[in-house]
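Peer 1: Let me give you the structure first, and then I'll get to my questions.
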Ligand SMILES: [Zn+2]
Ligand SMILES: [Zn+2]
C-alpha cells in the first residue's frame, strides 16, 4: 500500500500529462461508445445466472483476445481475468465488473430484451440482467480496449476482473468476489488498489455518486434458537415459554442501535425478519427459532452490535430460564472506500465528468461483494446514473424488478470514469 504516495499525488505535478490523457480518453470513449452499447445489448440478451455465466464468459474472453489481451478463464468458476502491462514501469491496479443476471422476467419491450431461461433452486426460471451487470461488463471491455491502445504510455499494470456470482452463488456453492480472492485474483501481479462501479437506474445518466468510508453495508445474518419447556397453554407456570422470551428479545435488541451506537457516525440496522414457533393456541412450544440480519457501515460499530446481540439474547433468555443459541450465517464485509484513496481519486472523477456531476451520496444499507476485494486492498466503489437525461429518475423501476431499465446513454460515464481512475492512479503512484 502506498498511502503516502496517494496523498502526494493529489498535488499532481504532472497536470499536463493528466490533461492529455483526459482528452485522449474523452475521444476514445466517444469512438467506442457505440461498440460498448452493442456489447451491452448482447450481454443483456444473453443474461445468465450466478456461477452459470458460460456464454457470457466466453464472449468476454473472445473480446479480450480480439483486443490483444490473453485472458485467463474459469477463475472462481466462470470469471475471466486479463492483465495489461503498460509500456512503463509502475504499480498494479485492478478494475472489476460483475457479470451475472437474476431470475427475473423482463417486461420491457426492448429489441434487446432477454428471453433467456435458467435453473434456480431446481426450477426453470426466466433470466434477466435486472441489476445492470450487463452494463458493467460492456463498460469494462470498452475500458480494456481504450487502455490497450494507449498501453505504451501507461506506467504500470492493469488487471481487468470480470467477476461471476455477485448476486450470490447457488445454495451449496462458493462463488463471487470471495472465491476470486481465495483463488488469488489479487496476487501475481499483486494488486495495490481496485476500482468498481455500479449503474443505478434511479440516477440520471452522466451523474456520479460516491462517498468515503462505508458506502454499502456489511451483512451479518443470524439465527437464534430458543429452548424452553413445553406445557399446556392454560398452565404456563408449569413450563418455560420461548414465545414470551422471543418477544422480549425482539424488543430488547432494538436498543442495540438506539442505545449502544454512536448514531452520528454511521447508520446501523438490526432486523428480525422471521419467527417460527408453536402450532396451536393452547400449547406452549418447547422451542422456536428466529432469523435476523445486521447491517453496519463501520467496523467498530459492527463489533459493538455483535457483542450486544450476544449479551442481550443470552441474558434475556436466562432471565426467562430459557436457553438461547446464536448461529451466524451469511456475512459480507463493509463496502469501504479507503478515505485516502477516495481523497486522491475524487478530483479525477470530477475532472472527467464535470465537477457538478459528481455528488457526495449517503450510504446504502444494502450490500455488495466488491467488499471482499476492499478487505484485501484499498478500493473505491461508486455509482453512475442509468436513467435517461430529462426523465424523472425517482419513478424509474428499481433494480431486481421486471421493468428495470438502463438507458444506453449511461455507458459513456462508466467508460470515462474507469479509464481515468486506472490511469491517474498509476500516474500518481509510479
Ligand atoms: Zn443486484
Ligand atoms: Zn448489482
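The values are calculated or read from the model by the stated rules, or taken from the named source; none is laboratory data. Computed from a predicted structure; not experimentally measured. Glycine also receives a Cβ, built like all others from the backbone with ideal geometry; neighbour counts cover every protein chain displayed.
Peer 1: Residue by residue through the stretch 312-338, note down the ones that are more than 30 Å from residue 238 (Cβ to Cβ) and out of contact with any strand residue (DSSP E or B) (no Cβ under 6 Å at 6 or more places or on another chain).
Peer 2: 338
Peer 1: Pull up the stretch 85-112, narrow it to residues that are assigned to a loop (DSSP other than H, G, I, E, B) and surrounded by 15 or more Cβ atoms within 10 Å (Cβ to Cβ), then point me to the one that is farthest from ligand 1 (Cβ to nearest atom).
Peer 2: Of everything passing the filter in the stretch 85-112, 86 is farthest from ligand 1 (Cβ to nearest atom).
Peer 1: Among the residues of the stretch 113-135, write down those that are more than 16 Å from ligand 2 (Cβ to nearest atom) and either within 20 Å of residue 65 (Cβ to Cβ) or not in a strand (DSSP E or B) (or both).
Peer 2: 113, 115, 121, 122
Peer 1: Here are the criteria: (1) under 19 Å from the mean Cα position of the chain (by Cα); (2) closer than 19 Å to residue 140 by Cα; (3) surrounded by fewer than 24 Cβ atoms within 10 Å (Cβ to Cβ). Tell me which single one residue 406 does not satisfy.
Peer 2: If we test residue 406 against (1) under 19 Å from the mean Cα position of the chain (by Cα); (2) closer than 19 Å to residue 140 by Cα; (3) surrounded by fewer than 24 Cβ atoms within 10 Å (Cβ to Cβ), just (3) comes out false.
Peer 1: More than 28 Å from residue 193 (Cβ to Cβ), within 16 Å of ligand 2 (Cβ to nearest atom) and under 24 Å from the mean Cα position of the chain (by Cα) - does that describe any residue in the stretch 81-101?
Peer 2: Within the stretch 81-101 (the criterion being more than 28 Å from residue 193 (Cβ to Cβ), within 16 Å of ligand 2 (Cβ to nearest atom) and under 24 Å from the mean Cα position of the chain (by Cα)), the answer is yes, since at least one residue qualifies.
Peer 1: Separate question: Taking the stretch 271-314 only, how many residues are under 33 Å from the mean Cα position of the chain (by Cα), touching a residue at least 60 places away in the same chain (Cβ under 8 Å) and part of a strand (DSSP E or B)?
Peer 2: Selection size over the stretch 271-314: 8.
Peer 1: Tell me, please, whether a residue that is within 16 Å of ligand 1 (Cβ to nearest atom) and buried (at least 17 other Cβ atoms within 10 Å of the Cβ) can be found in the stretch 416-427.
Peer 2: No - not one qualifying residue is present in the stretch 416-427.
Peer 1: Then there's this: Do the conditions hold for residue 125, that is, is it surrounded by fewer than 23 Cβ atoms within 10 Å (Cβ to Cβ), under 22 Å from residue 407 (Cα atoms) and within 16 Å of ligand 1 (Cβ to nearest atom)?
Peer 2: Against the criterion (surrounded by fewer than 23 Cβ atoms within 10 Å (Cβ to Cβ), under 22 Å from residue 407 (Cα atoms) and within 16 Å of ligand 1 (Cβ to nearest atom)), residue 125 does not qualify.
Peer 1: Residue under question is residue 56, and the condition is that it be more than 15 Å from residue 144 (Cβ to Cβ) and part of a helix (DSSP H, G or I); does it hold?
Peer 2: The answer is yes for residue 56.
Peer 1: Kindly provide the set of residues from the stretch 228-242 that are touching a strand residue (DSSP E or B) at 6+ places or on another chain (Cβ under 8 Å) and surrounded by fewer than 17 Cβ atoms within 10 Å (Cβ to Cβ), ordered by number.
Peer 2: 229, 230, 232, 233, 236, 238, listed by residue number.
Peer 1: While we're on this one: Run down 18, 9, 29, 5 and say which single residue is touching a helix residue (DSSP H, G or I) at 6+ places or on another chain (Cβ under 7 Å), within 21 Å of residue 347 (Cβ to Cβ), modelled with pLDDT of 95 or more and in a helix (DSSP H, G or I).
Peer 2: Matching residue, one of 18, 9, 29, 5: 29.
Let's see how each residue does on (1) away from ligand 2 (no atom under 14 Å from the Cβ); (2) out of contact with any strand residue (DSSP E or B) (no Cβ under 6 Å at 6 or more places or on another chain):
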residue: 168; (1), (2): no, yes
residue: 174; (1), (2): yes, yes
residue: 179; (1), (2): yes, yes
residue: 192; (1), (2): yes, no
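Peer 1: To continue, here is another question. Can you pull out every residue in the stretch 374-386 that is over 10 Å from the mean Cα position of the chain (by Cα) and not in a loop (DSSP other than H, G, I, E, B)?
Peer 2: Once the filter is applied, which keeps residues that are over 10 Å from the mean Cα position of the chain (by Cα) and not in a loop (DSSP other than H, G, I, E, B), the stretch 374-386 yields 374, 379, 380, 383, 384, 385, 386.
Peer 1: Quick check on this structure: which one of 168, 176, 156 is in contact with a helix residue (DSSP H, G or I) (Cβ under 8 Å, 6 or more places away or on another chain) and either on the phi < 0 side of the Ramachandran plot or surrounded by 24 or more Cβ atoms within 10 Å (Cβ to Cβ) (or both)?
Peer 2: One residue alone meets the criteria, 176.
Peer 1: Please verify whether the stretch 387-402 includes one or more residues that are closer than 27 Å to residue 427 by Cα, in contact (Cβ under 8 Å) with a residue 24 or more places away in the chain and either part of a strand (DSSP E or B) or away from ligand 1 (no atom under 16 Å from the Cβ) (or both).
Peer 2: No: zero hits.
Peer 1: Related question: Please find, within the stretch 171-183, the residue that is farthest from ligand 1 (Cβ to nearest atom) out of those that are at pLDDT 95 or above and in a loop (DSSP other than H, G, I, E, B).
Peer 2: 183
Peer 1: Considering each residue of the stretch 317-336, count those that are surrounded by 17 or more Cβ atoms within 10 Å (Cβ to Cβ) and closer than 20 Å to residue 269 by Cα, and give that number.
Peer 2: Residues flagged as surrounded by 17 or more Cβ atoms within 10 Å (Cβ to Cβ) and closer than 20 Å to residue 269 by Cα within the stretch 317-336 amount to 5.
Peer 1: Still on this model: Would you pick out the residues in the stretch 78-110 that are at pLDDT below 95 and farther than 19 Å from residue 400 by Cβ?
Peer 2: Once the filter is applied, which keeps residues that are at pLDDT below 95 and farther than 19 Å from residue 400 by Cβ, the stretch 78-110 yields only 109.
Peer 1: Go through the stretch 214-250 residue by residue and tally those that are without any contact (Cβ under 8 Å) to a residue 60 or more places away in the chain, over 31 Å from the mean Cα position of the chain (by Cα) and not in a loop (DSSP other than H, G, I, E, B).
Peer 2: The number of residues fulfilling the criteria is 9.
Peer 1: Report, by residue number, each residue of the stretch 136-166 that is in contact with a strand residue (DSSP E or B) (Cβ under 8 Å, 6 or more places away or on another chain), away from ligand 2 (no atom under 16 Å from the Cβ) and assigned to a loop (DSSP other than H, G, I, E, B).
Peer 2: Correct list: 154 only.
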